[in-house]
Amino acid sequence: MKITDAKVFVGGPGKNYVTLKVMTDQGIYGLGDATLNNRETLPAAYLSDYLIPNLIGKDPRNSEDMWQFMYRGAYFRRGPIAMAAFGAVDMALWDIKGKLANMPLYQLFGGKSRDSALVYAHATGSDLEALMDSVVSYQEQGYEAVRVQCGVPGMPVESYGVANRQQSDEQFITDFSGIHPKQEVWGTERYMRFMPDALAAVRDRFGPELKILHDVHHRLLPREAAEFAKAVESVGLFWLEDPTPADDQQALRLLRQHSTVPVAIGEVFNSVWDCKQLIEEELIDFIRVAVTYAGGITHVKRIVDLAALHHVRTGFHGAPSHSPLCMAAQAHLNAWAPNFGIQEYLVLGTPACDALFPSMHRMEKGRMYVSDAPGLGVDFDEAEAKRYQYKPGSHPVTRLTDGTLWNY
Ligand code: GCO
Ligand code: MG
């Protein structure tokens, strides 16, 4: 069996999905995703300029050898752009393998460990009242878990994860449009004074069953993160996400010494080497990598297995920028992983997105049901793809109230 051709598409409804299609001499094709939010053209170029010419003529069944070839062959190791490009190739080869075996991918990993995967949604409000309404609306849809983000009094509403008053909470998605970043303002003291009480109010209102998550989005220093974690302990959070940037991984020890709040980190990681210390020292409880920019299924499975040895559960990144292909790869891993924790999953299922990526994966009452179709279980409509073009975007930047550039 041989790979005969491969193509990359960039674009999608309101997002720039980077989609790889790998064709073979047996008529079977595989699909992969290299979407790196707001830097989409870079993994696309890595694919077209370097990887695709090296794929032609290779046996697509040897996905492990291909992974080693891409990783070791790059010489310069890791990095989100390269790992997203490798991720797309790896996913496409697994897709082909599943179609050849006539099995959904989760069967090739070891079968199902659960019938459905717990999902969390994003509840958000410009103030506490709006946040409560948002939580109610997700509960009514059957969600058992919600991430809660709330505007902080005295701080501009335009802050991470907070819908402004003009946006309906269900429709809230960060606006990344435009090459020049929008600017947000952050005040640590105000946040630290307000947020623990706000989270406690959500717990009081909704009772013990609701799984409450909160994302600090890398904004606190390690000492502040420890203080915050201690302050929210009585809320009983499902997780506290990215309390501090994890570049300095030993700094997380401080938080651990002061609090037992479960910690989730990893959405910006792209290899096992980025999370090895956090996992081995048991400094986190959930690993947040995404299959796309952490090198695909082959590499993420290794991370999941290492995590399992250290009681760390999965909580794969599932921001709205993720392609249905990435979400499908994660759905198969979620069905299998003995150490599955939760899946972030946001509104992807618009009619335009479903037309571009037809699939039988389904979401129902806050749970994800994996498709039984062979391979990834997602298709790609090339005719639909012609309707979309790349549109540049940027992550916002954050400044402290005195103008100092901070972590978005
Ligand atoms: C999350 C994330 C995202 C990121 C986004 C950046 O927990 O879902 O923090 O919302 O901000 O993925 O590209
Ligand atoms: Mg996050």
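The values are calculated or read from the model by the stated rules, or taken from the named source; none is laboratory data. Treat the numbers as computed from the prediction; the structure is a model and nothing was measured. Note that each Cβ is placed from the backbone with ideal geometry, even for glycine, and that neighbours are counted across all protein chains shown.
Among the residues of the range 14-29, just one is at pLDDT below 95 and either among the basic types (Lys, Arg) or assigned by TED's automatic domain parsing to the domain that holds residue 380 (or both), namely 15.
Just to be sure, is residue 98 of a type outside the set (Val, Ile, Thr), more than 16 Å from ligand 2 (Cβ to nearest atom) and within 21 Å of residue 51 (Cβ to Cβ)? Break it down stepwise before answering.
On the way: of a type outside the set (Val, Ile, Thr): yes; more than 16 Å from ligand 2 (Cβ to nearest atom): yes; within 21 Å of residue 51 (Cβ to Cβ): yes.
Considered against the rule, which asks whether it is of a type outside the set (Val, Ile, Thr), more than 16 Å from ligand 2 (Cβ to nearest atom) and within 21 Å of residue 51 (Cβ to Cβ), residue 98 comes out as yes.
Residue 16 meets all of the listed conditions (1) outside any loop (DSSP other than H, G, I, E, B); (2) over 15 Å from residue 99 (Cβ atoms); (3) under 21 Å from the mean Cα position of the chain (by Cα); (4) not hydroxyl-bearing (Ser, Thr, Tyr) but one, namely (1). With respect to (1) under 23 Å from residue 143 (Cβ atoms); (2) charged (D, E, K, R); (3) touching a helix residue (DSSP H, G or I) at 6+ places or on another chain (Cβ under 9 Å), the lone exception for residue 267 is condition (3). Just name the residue that is farthest from residue 34 (Cα to Cα) out of those in the range 262-274 that are surrounded by fewer than 22 Cβ atoms within 10 Å (Cβ to Cβ) and free of Cβ contacts under 8 Å to residues at least 40 places away in the same chain. Top of the filtered list is 262.
A count restricted to the range 354-376 and to residues that are surrounded by 14 or more Cβ atoms within 10 Å (Cβ to Cβ), outside any strand (DSSP E or B) and in contact with a Gly (Cβ under 8 Å, 6 or more places away or on another chain) stands at 8.
From the list 319, 385, 308, 331, the lone residue that is more than 19 Å from residue 97 (Cα to Cα) and in contact with a strand residue (DSSP E or B) (Cβ under 6 Å, 6 or more places away or on another chain) is 385. Out of the range 365-393, which residues are without any contact (Cβ under 8 Å) to a residue 12 or more places away in the chain and not basic (Lys, Arg)? Hit for the range 365-393 is 383, nothing else. Evaluating residue 207 against the criteria (1) closer than 25 Å to residue 119 by Cα; (2) touching a helix residue (DSSP H, G or I) at 6+ places or on another chain (Cβ under 8 Å) leaves one unmet condition, (2).
Would you tally the residues in the range 362-408 being hydrophobic (A, V, I, L, M, F, W, C), within 20 Å of the chain's Cα centre (by Cα) and within 19 Å of residue 350 (Cα to Cα)? Even if it seems obvious, please write down each step before you answer.
The initial filter retains those residues of the range 362-408 that are hydrophobic (A, V, I, L, M, F, W, C), namely 363, 368, 370, 373, 376, 378, 380, 383, 385, 397, 400, 405-406.
So of that shortlist, the ones also within 20 Å of the chain's Cα centre (by Cα) come out as 363, 368, 370, 376, 378, 397.
Then drop every residue that is not within 19 Å of residue 350 (Cα to Cα), which leaves 363, 368, 370, 378.
Selection size over the range 362-408: 4.
Filtering the range 353-408 to residues that are among the hydroxyl-bearing types (Ser, Thr, Tyr), closer than 30 Å to residue 142 by Cβ and in contact with a His (Cβ under 8 Å, 6 or more places away or on another chain) leaves 369, 371.
List the helices (runs of 4 or more DSSP H) inside the range 32-145, counting only whole elements, that have at least 1 residues being touching a strand residue (DSSP E or B) at 6+ places or on another chain (Cβ under 7 Å) and touching a residue at least 40 places away in the same chain (Cβ under 8 Å). Lay out the reasoning, then the answer.
Details: elements: 41-46, 52-55, 63-73, 80-101, 105-109, 128-140.
Helices (runs of 4 or more DSSP H) meeting the threshold: 41-46, 52-55, 80-101, 105-109, 128-140.
Just wondering, is there one or more residues in the range 226-238 that are under 26 Å from residue 175 (Cα atoms), buried (at least 24 other Cβ atoms within 10 Å of the Cβ) and in the same structural domain as residue 188 (by TED's automatic domain parsing)? Don't jump to the end; show me each part of the working.
Let us first name the residues in the range 226-238 that are under 26 Å from residue 175 (Cα atoms), namely none.
Within the range 226-238 (the criterion being under 26 Å from residue 175 (Cα atoms), buried (at least 24 other Cβ atoms within 10 Å of the Cβ) and in the same structural domain as residue 188 (by TED's automatic domain parsing)), the answer is no, since none of the residues qualifies.
Restricting attention to the range 94-101, does a residue exist that is exposed (fewer than 15 other Cβ atoms within 10 Å of the Cβ), under 22 Å from the mean Cα position of the chain (by Cα) and over 23 Å from residue 267 (Cα atoms)? Within the range 94-101, not a single residue is exposed (fewer than 15 other Cβ atoms within 10 Å of the Cβ), under 22 Å from the mean Cα position of the chain (by Cα) and over 23 Å from residue 267 (Cα atoms).
Being assigned to a loop (DSSP other than H, G, I, E, B) and of a type in the set (D, E, K, R) is the filter here, so list the residues in the range 195-211 that pass it.
Of the range 195-211, the ones assigned to a loop (DSSP other than H, G, I, E, B) are 207-210.
Once the filter is applied, which keeps residues that are assigned to a loop (DSSP other than H, G, I, E, B) and of a type in the set (D, E, K, R), the range 195-211 yields only 209.
Screening residue 246 on (1) over 24 Å from the mean Cα position of the chain (by Cα); (2) modelled with pLDDT under 95 shows it passes everything except condition (1). Counting the residues of the range 394-407 that are surrounded by fewer than 19 Cβ atoms within 10 Å (Cβ to Cβ) and in contact (Cβ under 8 Å) with a residue 60 or more places away in the chain gives 9. Reported count of residues in the range 390-401, each being away from ligand 1 (no atom under 16 Å from the Cβ), in a loop (DSSP other than H, G, I, E, B) and modelled with pLDDT of 95 or more, is 1.
What are the residues in the range 326-352 that are modelled with pLDDT of 95 or more, within 23 Å of residue 394 (Cα to Cα) and either assigned by TED's automatic domain parsing to the domain that holds residue 37 or away from ligand 1 (no atom under 16 Å from the Cβ) (or both), if any? Before you say what the answer is, go through the steps one by one.
If we filter the range 326-352 for residues that are modelled with pLDDT of 95 or more, which is where we start, we get 326-344.
Okay, now just the ones that are also within 23 Å of residue 394 (Cα to Cα), so 326-327, 344.
Once the filter is applied, which keeps residues that are modelled with pLDDT of 95 or more, within 23 Å of residue 394 (Cα to Cα) and either assigned by TED's automatic domain parsing to the domain that holds residue 37 or away from ligand 1 (no atom under 16 Å from the Cβ) (or both), the range 326-352 yields nothing.
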